[in-house]
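Remarks on the structure that follows.
The values are calculated or read from the model by the stated rules, or taken from the named source; none is laboratory data. As the structure is a computational prediction, the values presented were derived from the model and not from experiment. A quick note on method: Cβ atoms are made from the backbone with ideal geometry, for glycine too, and the neighbour counts reach across all protein chains shown. Surface areas here come from the heavy atoms of the whole protein model, side chains and all, with no ligands, DNA or RNA. Shrake-Rupley method; radii C 1.70, N 1.55, O 1.52, S 1.80 Å.
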Amino acid sequence: MGLASALSTALTGLTASETTIDVVGNNLANSNTVGFKASSASFSTQFLQTLSLGSQPTASSGGTNPRQVGLGTMVSDITPNFTQGTLEISSNATDLAIQGDGFFIVEGSQGETLYTRNGIFKFNSQNQMVTITGNRLLGFGVDDNFQIQRTTLVPIEIPLGAAAVAQPTANVFLEGTLSPTGDVATQAQQIQTGILGDGTYSAPDSSGRVSNAMQPSIITVGTASVPGGTSFVAGDSYEYRLVWADDYALGTSYNTESRPSDTFTQTVAGDGDAILLSGLSTTPPNDAYTHLRVYRRNATTDPAGSFNYVGQVGVGTTTLTDTMDDGTAILNPPLNDTVISGNYSYYVTYVAADGTESRPGPLSTSINVINGRVTINELPVADIASTEWRTRRIYRCLSTDSSTFHLVGEIPNMDANQFFVDNLTDAQISMNPIIDLDGPKIGYPTRLVDILSRDGRVYNRVFSEGTLLFTGKKGGRSLATKEFTITNNTTVQELMDFMDASMGIQSAAADPIFPVPGSEDAETGSIVSPGGQVIGGRIIMTGNNGVDNRIDVGLSGMLLKTGTTTENVNLPWGVRQPAIGETAVTDFLVYDSLGIPLRVRLTCVLEERNSTSTTYRWFADSPDNDPTTGTEIAVGTGRVTFDGEGNMIAVSESTVSIERRHVSSASPLEFELNFSNMSGLAAAHSTVAVSRQDGSAPGVLTSFIVGEDGVIKGVFSNGVTRDLGQIRLARFSNPSGLEQKGENLYAEGVNSGLPVEGDPGQQGTGSIVAGAVELSNTDIGANLIDLILASTMYRGNTRVITTAQEMIDELLSLRR
């Protein structure tokens, strides 16, 4: 029994030695395995054979100890050693090491959760971080806005070269000097159009015809003294002159009489005789003349007196008997024998009952008159049924001034057969009202398609339905082109609102705390609000104060697109008054949430100066402002104040807000202007510049870094960094109780305890070291010694077996 037990006891020793060699061999084999944790085998005695339990001391005996013979050894534990391995720097950014306790959490081939200390990670085809054996590294991912989603563990993904990001501008940092010297900005530039007419009012056409007023012929007129007179005195001589006229003009406010004929004379033969005029002409110079009038004077008693009306005959009658006594004749209208000389042009207008006067209609021809009169025939007639025109006015230039037209006379708006004879000298009409060649003026509600501009005698419609391409100027720099749809009902007010928005003119309401000031009017001294006005038929646009806020519209600033044709709008703009005021301006780019670059112009204007401070107002314009409706480019205004030492002491408003309504960018883009580096010291010229801004254009992911806290930060080509994920670690109360799965993987064991997850550096987990690996913690020297001890132990146990075998053999030889 004893020898047999010795054999089995030695066998357990051999088994223990073999186990030790297996464990040591595995440790040595993995001495270069990253993250490997060496194990050690622990043994305990196996069953014991008790020969005696011993006895306790008695009065006669000191007691005996138990007598037990061991029956061998057994492997009681093979324990991994989770002490920290040496960290070695790696050139691979995906190599990670854990400094301290904890395990990387990875996904097994069956979707199970496994753990490892091996921090060599690579990328698979899906840009996921995986172990060298293909297990996905788990952690927290990010959403579309690169915010870490701390809910569910997911594979860590780093899409190098694929992910793109933009940084919206949040801050713009300014530098420069806003000098307290220079002119305070009290006056804005005003621009204006020429006088524009309202085409909704009808106007005379050019159908009127002008001609020299022919005098009646007296070649065939005969005179005779005949019986039948009443008061003529024999021997008195009477002088006669004839004029063509119509039957309605005598005593009216307008003249139709032709140039008077030459004078002819008749002497009364006897007392009481009458004077017979015969052979009168029956062919007037035009059809409008219906009568031949006769004027006379007594050359005997009043040789220098006037010729007075004595009678008339209708066209076709060739005789007239004059029986009128001198006392009666002298009370009749005198002959107007005035004649004119010069080269004349005429206009005709319509006048309503309320005094409204149409734009003029030029008569198509001019006339040169020498000591004569001008007959105007075939005058245009307004349709009284559809208009309010009641009168026609006739205007004429002076012989010495062909560009100014004075009122000559008025005639009723009756029919085309009416005519007018002009015999008023320049001196007679020079003080009469001057014609308004532009006619009725536009107003705020005037439709654009009804606007007329005058070019000499020609009236042109300025606008038609189509698309207006408007390119304004501000501070001498061209602004972005804006489009404005002109319909049949678009008004002047709407055009001014569009121009106001397109040129970034800011009203007082743009700053509710410190209202934007108006401009002094150089002519009247009054304060004019920024924006558009209609005065005297002119469109007047007033900008904001300051030289660099001066507005203008160039010759090609207005283009009208109709179908496939694009033409200049014939609406020139002139400067009504220049801008005054110290200013500084700068242009820069900012970026919205999609990385779209947005242009911004910042103009600083000296608004106020007193004995203790200097205040500048800033205006921000962006041609890329995209409101829901309209073309507004003004995106902000505010004030910055400096003290007597040039230090900035207050900013009333510093936010710029750019709308992004028709793109998918976050709207509005709002950013702050930082004036902290601006100076208010004196300088020859004020300057402002942007030193930096924190936005960026879109960039792709080019690299990444992993922090000690496990947060993976991506670095994009535009310099922006974003979180790409969060590596999570797990620790166990008894890591030695983990079940080894091979390939440096562990699974939760029955005696390991539950995993405690946490961010690196929290929950008792270690921190992560990027660009490093944790080497195997195998102690090669100690393991070699263990190997020697195990082999010695093995040889010793074989000796026991050999000895027991020899003793058994010796025992068996007793038979011989």
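Restricting the first member to the stretch 202-220 and to residues that are closer than 30 Å to PRO362 by Cβ, and the second to residues that are among the basic types (Lys, Arg) and open to solvent by 50 Å² or more (accessible area, probe 1.4 Å), the beta-carbon pairs closer than 9 Å and six or more apart or on different chains are SER206/ARG457; ASN212/ARG259; ALA213/ARG259; MET214/ARG259; GLN215/ARG259. Looking only at the stretch 133-143, decide whether some residue is over 26 Å from PHE82 (Cβ atoms) and either open to solvent by less than 40 Å² (accessible area, probe 1.4 Å) or of a type in the set (Gly, Ala, Ser) (or both). Yes, because at least one residue in the stretch 133-143 is over 26 Å from PHE82 (Cβ atoms) and either open to solvent by less than 40 Å² (accessible area, probe 1.4 Å) or of a type in the set (Gly, Ala, Ser) (or both). Only one of the numbered conditions (1) closer than 22 Å to GLU257 by Cβ; (2) open to solvent by 50 Å² or more (accessible area, probe 1.4 Å); (3) assigned to a loop (DSSP other than H, G, I, E, B) is violated by ASN488, and that is (1). Could you list, in sequence order, all residues of the stretch 690-717 that are open to solvent by less than 40 Å² (accessible area, probe 1.4 Å) and of a type outside the set (Val, Ile, Thr)? GLY695, SER696, ALA697, GLY699, LEU701, PHE704, GLY707, GLY710, GLY714, PHE716, listed by residue number.
Residues that are closer than 25 Å to ILE780 by Cβ, open to solvent by 40 Å² or more (accessible area, probe 1.4 Å) and either in contact with a Phe, Trp or Tyr (Cβ under 6 Å, 6 or more places away or on another chain) or not polar (S, T, N, Q) (or both) within the stretch 9-29 comprise GLU18, ILE21, ASP22, LEU28, ALA29, listed in sequence order.
If only one of ILE98, ILE156 is within 30 Å of ALA666 (Cβ to Cβ) and touching a Lys or Arg at 6+ places or on another chain (Cβ under 9 Å), which one is it? Give the derivation first.
Numbers: ILE98 fails: within 30 Å of ALA666 (Cβ to Cβ).
From the options ILE98, ILE156, the qualifying one is ILE156.
A quick yes/no check of all residues on (1) on the phi > 0 side of the Ramachandran plot; (2) surrounded by fewer than 16 Cβ atoms within 10 Å (Cβ to Cβ); (3) under 57 Å from the mean Cα position of the chain (by Cα); (4) outside any loop (DSSP other than H, G, I, E, B):
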| position | (1), (2), (3), (4) |
| --- | --- |
| TYR347 | no, no, yes, yes |
| TYR350 | no, no, yes, yes |
| ASP354 | no, yes, yes, no |
| ARG359 | no, no, yes, no |
| THR365 | no, yes, yes, no |
| ALA382 | no, no, yes, no |
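Can you confirm whether the stretch 657-673 contains a residue that is crowded, with 18+ Cβ neighbours inside 10 Å, among the polar types (S, T, N, Q) and modelled with pLDDT of 95 or more? Scanning the stretch 657-673 turns up no residue that is crowded, with 18+ Cβ neighbours inside 10 Å, among the polar types (S, T, N, Q) and modelled with pLDDT of 95 or more.
Among the residues of the stretch 798-814, is any polar (S, T, N, Q) and closer than 23 Å to ALA93 by Cβ? Step through it out loud before you land on a result.
First pass over the stretch 798-814, keeping only residues polar (S, T, N, Q): 798, 802-803, 805, 813.
Imposing the further condition that a residue be closer than 23 Å to ALA93 by Cβ reduces the set to none.
Taking every residue of the stretch 798-814 in turn, none turns out to be polar (S, T, N, Q) and closer than 23 Å to ALA93 by Cβ.
Any idea which residue in the stretch 228-246 is most open to solvent (accessible area, probe 1.4 Å), counting only those that are at pLDDT below 75 and more than 16 Å from ARG296 (Cα to Cα)?
Residues of the stretch 228-246 that are at pLDDT below 75, as a first pass: 228-231.
So of that shortlist, the ones also more than 16 Å from ARG296 (Cα to Cα) come out as 228, 230.
Values: GLY228: 56, THR230: 105 Å².
Applying the filter and picking the extreme gives THR230.
Exactly one residue out of GLY222, GLY199, GLY208, GLY251 is crowded, with 21+ Cβ neighbours inside 10 Å and modelled with pLDDT under 80: that is GLY208.
Candidates are the residues of the stretch 762-786 that are open to solvent by less than 60 Å² (accessible area, probe 1.4 Å) and hydrophobic (A, V, I, L, M, F, W, C); the one that is nearest to THR94 (Cα to Cα) is ALA770.
Residue-wise test of (1) open to solvent by 50 Å² or more (accessible area, probe 1.4 Å); (2) aliphatic (A, V, I, L, M); (3) touching a Leu at 6+ places or on another chain (Cβ under 8 Å).
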position: PRO66; (1), (2), (3): yes, no, yes
position: PRO80; (1), (2), (3): no, no, yes
position: GLY108; (1), (2), (3): no, no, yes
position: LEU114; (1), (2), (3): no, yes, yes
position: GLY119; (1), (2), (3): no, no, yes
position: GLN128; (1), (2), (3): no, no, yes
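Looking at the stretch 511-575, what strands (runs of 3 or more DSSP E) fall wholly within it and have at least 3 residues that are open to solvent by 50 Å² or more (accessible area, probe 1.4 Å)? Show your work before the answer.
Working: elements: 531-535, 538-542, 551-562, 565-568.
Here the list reads 551-562, 565-568.
Counting just the residues of the stretch 131-178 that are touching a residue at least 60 places away in the same chain (Cβ under 8 Å) and hydroxyl-bearing (Ser, Thr, Tyr), which one comes out farthest from PHE104 (Cα to Cα)? Before the answer, list the steps.
Residues of the stretch 131-178 that are touching a residue at least 60 places away in the same chain (Cβ under 8 Å), as a first pass: 131, 133, 135, 137-142, 146-148, 150, 153, 156-178.
Then drop every residue that is not hydroxyl-bearing (Ser, Thr, Tyr), which leaves 131, 133, 169, 177.
On the way: THR131: 10, THR133: 14, THR169: 38, THR177: 56 Å.
Applying the filter and picking the extreme gives THR177.
Answer with yes or no whether ILE340 is buried (at least 19 other Cβ atoms within 10 Å of the Cβ) and either at pLDDT 90 or above or touching a His at 6+ places or on another chain (Cβ under 8 Å) (or both). When the stated conditions are applied, ILE340 passes them.
Taking residues in the stretch 666-681 that are under 16 Å from SER622 (Cα atoms), and partners anywhere that are charged (D, E, K, R), the pairs with Cβ atoms closer than 8 Å and at least 6 places apart or on different chains are SER667/ASP626; SER667/GLU659; SER667/ARG660; SER667/ARG661; PRO668/GLU659; PRO668/ARG660; LEU669/ASP592; LEU669/ARG660. Please state which of the following conditions ILE649 fails to meet, knowing it meets all the rest: (1) buried (at least 18 other Cβ atoms within 10 Å of the Cβ); (2) more than 21 Å from the chain's Cα centre (by Cα); (3) among the β-branched types (Val, Ile, Thr). Result: ILE649 passes all but (1). Within the stretch 254-286, the set of residues being open to solvent by less than 30 Å² (accessible area, probe 1.4 Å), among the hydrophobic types (A, V, I, L, M, F, W, C) and part of a loop (DSSP other than H, G, I, E, B) comprises VAL268, LEU280. The set of residues in the stretch 300-316 being under 12 Å from TRP244 (Cα atoms) and touching a Phe, Trp or Tyr at 6+ places or on another chain (Cβ under 9 Å) consists of VAL315 alone. Of the strands (runs of 3 or more DSSP E) lying entirely inside the stretch 384-479, those containing at least 3 residues that are on the phi < 0 side of the Ramachandran plot and open to solvent by 60 Å² or more (accessible area, probe 1.4 Å) span 401-412.
GLU743: at pLDDT 90 or above, of a type outside the set (Val, Ile, Thr), within 30 Å of THR152 (Cα to Cα) and over 35 Å from the mean Cα position of the chain (by Cα), yes or no? No; evaluated as a whole, the condition is false for this residue. Of all residues in the stretch 718-747, those that are within 24 Å of PRO168 (Cα to Cα), open to solvent by less than 20 Å² (accessible area, probe 1.4 Å) and either without any contact (Cβ under 8 Å) to a residue 24 or more places away in the chain or not in a strand (DSSP E or B) (or both) total 1.
Might you let me know whether the stretch 605-616 holds any residue that is closer than 15 Å to LEU174 by Cα, in contact with a Ser or Thr (Cβ under 9 Å, 6 or more places away or on another chain) and open to solvent by 60 Å² or more (accessible area, probe 1.4 Å)? The answer is no, given that none of the residues of the stretch 605-616 is closer than 15 Å to LEU174 by Cα, in contact with a Ser or Thr (Cβ under 9 Å, 6 or more places away or on another chain) and open to solvent by 60 Å² or more (accessible area, probe 1.4 Å).
Taking THR169 as the residue in question, decide whether it is surrounded by fewer than 18 Cβ atoms within 10 Å (Cβ to Cβ), β-branched (Val, Ile, Thr) and part of a loop (DSSP other than H, G, I, E, B). Quick ask: steps written out before the conclusion?
Details: surrounded by fewer than 18 Cβ atoms within 10 Å (Cβ to Cβ): no; β-branched (Val, Ile, Thr): yes; part of a loop (DSSP other than H, G, I, E, B): yes.
No: the conditions fail for THR169.
Based on this model, can you work out whether ALA329 counts as surrounded by 13 or more Cβ atoms within 10 Å (Cβ to Cβ) and in contact (Cβ under 8 Å) with a residue 40 or more places away in the chain? Considered against the rule, which asks whether it is surrounded by 13 or more Cβ atoms within 10 Å (Cβ to Cβ) and in contact (Cβ under 8 Å) with a residue 40 or more places away in the chain, ALA329 comes out as no.
Here THR702 fulfils each of the conditions (1) part of a strand (DSSP E or B); (2) modelled with pLDDT of 90 or more apart from (2).
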